[in-house]
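Just so it is clear, none of the values below were taken in a lab; they were calculated from the coordinates. This one's a predicted model, so the numbers in the text were calculated from it and none came from an experiment. Backbone-built Cβ (ideal geometry, glycine too); neighbour counts: all protein chains shown.
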Amino acid sequence: MSYIVSYRKHIDNLRTVELALPEDAETHQRIGTELATIDGVTYVALPDGAVLPDPQPVEIAASVSTAAVDPAIKETIKAVSPHCLLINDRMQAMIRENYPLEDELKYARIGVGAAMGIYTPTQEEVNQMTVFGEFVESVRQWGRDERAKIGL
């Protein structure tokens, strides 16, 4: 799992000052994922147990904090984060690998008709929709799991 920190980048004519991230002890790769910048606040996901280096650059140090991500900010991050958009694209691709859009639309029409009482699906249609629904729900769960890895 992850937690999210927020800060305000410092940008002037010469440079952009960003959050100093921790490094993996073995690979020396930076640890952390910048999720999005919303209204001037940048949100970064860090894995549990990761600790930001201290001190942070003086230009941003006062703005660095563990983010209190309310539902509205969470939804905004999910809507604009390149990482979340990639997860959404992968979910769509996973579904399309098994079901063309025409099948999904067919199941939607059957479901709407049944819900409105204007169509009674056959047992075969119910079985197909059940298999489709379970598959799509497994893909949605994968997406939720991936977003949870970045604190969302």
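Just so you know, in the stretch 56-80 the residues that are touching a residue at least 60 places away in the same chain (Cβ under 8 Å), surrounded by 14 or more Cβ atoms within 10 Å (Cβ to Cβ) and not charged (D, E, K, R) include one that is farthest from Val17 (Cα to Cα), and it is Val69. Taking the criterion of being free of Cβ contacts under 8 Å to residues at least 40 places away in the same chain and over 23 Å from Arg147 (Cβ atoms), would at least one residue in the stretch 28-39 satisfy it? Yes, some residue in the stretch 28-39 is free of Cβ contacts under 8 Å to residues at least 40 places away in the same chain and over 23 Å from Arg147 (Cβ atoms). Taking every residue in the stretch 129-152 that is within 19 Å of Glu97 (Cβ to Cβ) and pairing it with any residue that is part of a helix (DSSP H, G or I), at least 6 positions away or on another chain, the pairs with Cβ-Cβ distances below 6 Å are Met129/Tyr107; Phe132/Tyr107; Val139/Met91; Val139/Met94; Val139/Ile95; Gly143/Ile87; Gly143/Met91; Glu146/Ile87.
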